[in-house]
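To start, the structure under review is shown below, and the notes come after it.
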Amino acid sequence: MEEVIKEGFKVVAYHPKRKQLFSGDSIMPDGYFFLGGKYDGVIRYITNKWVKRKSGCGPLCIFTSWADAEKWTECPEFRKIWRIYKCKYKPSDERYVYTVDKLATVCDTFLPDGTDFAEEVMITERMKRTWDTK
């Protein structure tokens, strides 16, 4: 069977002190980064490298459309942190996300419009949003 690879958009969080990209679940409500702990599923993204979900965690989330990805990043508190990248991804059959031991579980009904699920993701090119200056 031939492996299926789709294209979409991945929203990542830019950590200014580390100058690195992380999955969105690394941001706390106060804007600080959560980059450790037994139950986290935080992923570090590097351009043009495949990343897999962490062992025991659910699939990675991507957006199937530019409009949905940009809408998700409109929150004024996090505009400077969010980055959108074009991506390639290997789809997952699972339709919900969860952390280790299913401590936090969210089904697709409660995720943003345009969300799809991936076993692996490769970010390829940063996209500029309407309000980006750099």
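For this structure, a couple of remarks:
- Length available on full extension from GLU94 to TYR14: 0.36 nm per residue minus the Cα-Cα distance, which gives 26.1 nm.
- In Hz, Karplus ³J(HN,Hα) per residue of segment 124-129 (6.51, -1.76, 1.60; θ = phi - 60°; x = Gly, Pro): 10, 8, 6, 9, 8, 8
- Residues ASP132, ASP93, ASP113, arranged from fewest to most other Cβ atoms within 10 angstrom of their Cβ, appear as ASP93, ASP113, ASP132.
- Above-threshold pairs, the threshold being 19 Å between Cα atoms, out of LYS19/LYS52; LYS10/LYS54; LYS19/LYS49; LYS52/LYS80; LYS17/LYS52: LYS19/LYS52; LYS52/LYS80; LYS17/LYS52
Bear in mind that the values in this text are calculations on the coordinates, not laboratory data. Values in this document were obtained by computation on a predicted structure and should not be read as measured data. Cβ: placed from backbone, ideal geometry, glycine included. Neighbour counts: every protein chain shown.
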